[in-house]
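What follows is one structure encoded as structure tokens, with my remarks underneath.
Bear in mind that the values in this text are calculations on the coordinates, not laboratory data. Just so you know, these numbers come straight off a predicted model, no measurement behind them. Positions of Cβ are backbone-derived with ideal geometry, glycine not excepted, and every protein chain shown enters the neighbour counts.
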Amino acid sequence: MVTFVSISFYITAALEDSTYPSLATSKWSFFWKSRISPVVRTIWWRALHGKLSCRSNLHHILPARFDSPLCVLGNLALDTGNHFLFSCPYKWHIWQQVLQDCTFSIITQAIIFDALFNLSMPPWILSHSPLSPMQLITGVLVGVWKSHWLHVLSAVPFLSTNIIDSTHKLLINF
């Protein structure tokens with residue numbers, strides 16, 4: 001016998017789940033209506049739900065395969081979601097440099113955290129750029145993401161100058 005459960009059951013269950021991001025409906029609407037690539041949306045969705053493939057999560061799930069929850073870039077910090085995306089000093093340098101080049105603004109980790117986890121985009125005035133703050137943030141996010149996995153899976157050196165250059169090129173092609 002097939003049982004049908006209403007969609008409201010799943011929505012209610014998700015809202016009661018403490019791991020489900022508690023963002024306003026308007027924020028979710030903004031997220032889903034934004035013109036961003038499926039790759040970036042997937043990364044961002046996983047970040048919002050605490051499901052990134054960062055070392056701390058992988059070590060928790062597969063300790064035999066991932067023997068340490070520490071950052072693979074060698075700074076001996078716990079590789080949490082924030083660390084994995086932007087607070088690692090190596091990655092933070094890339095975020096700062098690319099965004100300062102594009103916005104002529106001071107960039108803080110609080111600004112990036114707020115953009116990524118609260119969907120509150122910075123009020124940057126970008127009169128010299130056709131890109132929105134969200135496009136800049138997603139461009140850096142995907143640039144750092146790709147570089148991280150190239151380093152992990154293909155042993156490509158994680159060199160900030162190369163990553164900054166490739167991220168700038170990525171943004172030009174947005």
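For the stretch 24-172, the relative contact order is 20 percent, taking Cα pairs closer than 8 Å that sit 6 or more residues apart in sequence and dividing their mean separation by the residue count. Note on mean projected area of the Cα convex hull in nm²: of the candidates (i) 10.4; (ii) 12.9; (iii) 16.3, the value calculated from this structure sits at (ii). Note on the stretch 24-172: Lys pairs 8 or more places apart or on different chains, Cα atoms under 25 Å apart, count 9. Can you tell me the FRET efficiency between Arg65 and Ser37 if r is taken as the Cβ-Cβ distance and R0 is 30 Å, rounded to the nearest 0.05? About 0.55, to the nearest 0.05. In a simple Cβ point-charge model (Lys, Arg +1; Asp, Glu -1; nothing else charged), the chain has a dipole of about 320 debye relative to its Cα centre.
For the stretch 114-130 versus the stretch 57-113, the spacing of their alpha-carbon centroids is 19 Å. Residues of the stretch 110-136 with the amide nitrogen closer than 15 Å to a label point 7 Å from the Cα of Asn75, along Cα-to-Cβ, please. It comes to 110, 112-113, nothing else.
For the stretch 79-146, applying the loop criterion from DSSP together with a ceiling of 16 other beta carbons within 10 Å to the chymotrypsin sites (Phe, Trp or Tyr not before Pro) yields Phe104.
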